[in-house]
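Notes to accompany the following structure.
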Amino acid sequence: MEDKLRKSDTLNVLGQLAAGIAHEVRNPMTAVKGFIQLLENSMEKEHAMYFNIISTELARIDSIINEFLFLSKPQAVKYMDNDVIIIMKETVKLLNAQALLNNIQFRTYYEYGLQPISCESNQLKKVFINIIKNAIEVMPKGGVITISVRSAEHHGIYITIKDEGGGIPENKLDKLGQPFYTTKERGTGLGLMVSYKIIDEHHGRVHVNSEVAMGTTFEIYLPNKRR
Ligand code: ADP
Ligand code: MG
């Protein structure tokens, strides 16, 4: 309990700071993006690859700013009864191309006829995208990502996303969701933080099961009524 409190305090302070910075950075960023675009056409061939790097890095800054704004702003969220299977299906469709490129197959198990869940569908989709993207990223040689959506006790639903990646050492498990915790060269370490916040706001729970060299399963429980 205490741990949980401390975590949300940190989130609040961080959120306020982030809001300020993100807003300040956004405007100059827009200007830079605009002028870089203008330069692209007049750029000499040998410099074209710099343009690619600049664009990629700008996109990265953009995504960091967006995650921060998301964390800091009280979202104007509209909870509605949704079928989580539909949200998951949309997510899988969205990520299918990226999975195929990486030789990854999705295997999905849906228990149809589940009760609708009171949720913000875009936010839940964001959570699923973050977790499935992580799964794709830990399977550079391809494999299977297994996804299931089924009923859980207490009128909730239970979602699992399982990969065949390298797993997470036990002593690193509690670092997941901490701001900027990443083991990737190009990671932001914000994806899980945002995802955990969303699940928390839905009064859900996340549990991570992982075995090094075997893979990782993210288990999400969502209640169908917000209390
Ligand atoms: P990022 O993906 O930018 O690194 P995340 O918050 O999405 O940030 O993830 C944080 C870290 O958690 C990752 O860098 C990785 O070390 C670990 N992680 C998350 N998902 C998995 C997974 N499915 N398998 C192994 N490690 C994972
Ligand atoms: Mg990630």
Testing Lys172 on (1) surrounded by fewer than 17 Cβ atoms within 10 Å (Cβ to Cβ); (2) more than 9 Å from ligand 1 (Cβ to nearest atom); (3) basic (Lys, Arg), one condition comes back false. Which one is that?
(2)
Could you identify the single residue in Val149, Val208 that is under 30 Å from Gly113 (Cβ atoms), assigned to a strand (DSSP E or B) and either within 13 Å of ligand 1 (Cβ to nearest atom) or free of Cβ contacts under 8 Å to residues at least 12 places away in the same chain (or both)?
Val208
Residue that is closer than 25 Å to Ala22 by Cβ, surrounded by 12 or more Cβ atoms within 10 Å (Cβ to Cβ) and more than 18 Å from the chain's Cα centre (by Cα), where the choices are Leu69, Leu58:
Leu58
Looking at (1) surrounded by fewer than 19 Cβ atoms within 10 Å (Cβ to Cβ); (2) free of Cβ contacts under 8 Å to residues at least 60 places away in the same chain; (3) of a type in the set (Gly, Ala, Ser), can you tell me which one Gly165 breaks?
(1)
Suppose the filter is out of contact with any Ser or Thr (no Cβ under 6 Å at 6 or more places or on another chain) and more than 20 Å from Glu211 (Cβ to Cβ); does Leu100 pass it?
yes
Of all residues in the range 102-144, which are within 15 Å of ligand 1 (Cβ to nearest atom), within 16 Å of the chain's Cα centre (by Cα) and touching a residue at least 40 places away in the same chain (Cβ under 8 Å)?
Lys126, Val127, Phe128, Asn130, Ile131, Ile132, Lys133, Asn134, Ala135, Ile136, Glu137, Val138
Answer yes or no as to whether Phe128 is part of a helix (DSSP H, G or I), within 16 Å of ligand 2 (Cβ to nearest atom) and of a type outside the set (Val, Ile, Thr).
yes
Name the pairs whose Cβ atoms lie under 9 Å apart, with the first residue in the range 173-184 and more than 11 Å from ligand 2 (Cβ to nearest atom) and at pLDDT 95 or above, the second part of a loop (DSSP other than H, G, I, E, B) and basic (Lys, Arg), and 6 or more positions between them or separate chains?
none
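The values are calculated or read from the model by the stated rules, or taken from the named source; none is laboratory data. Since the model is a prediction, treat every value here as computed from it, not as a measurement. Ideal geometry is used to build each Cβ from the backbone, glycine not excepted, and the neighbour counts take in all protein chains shown.
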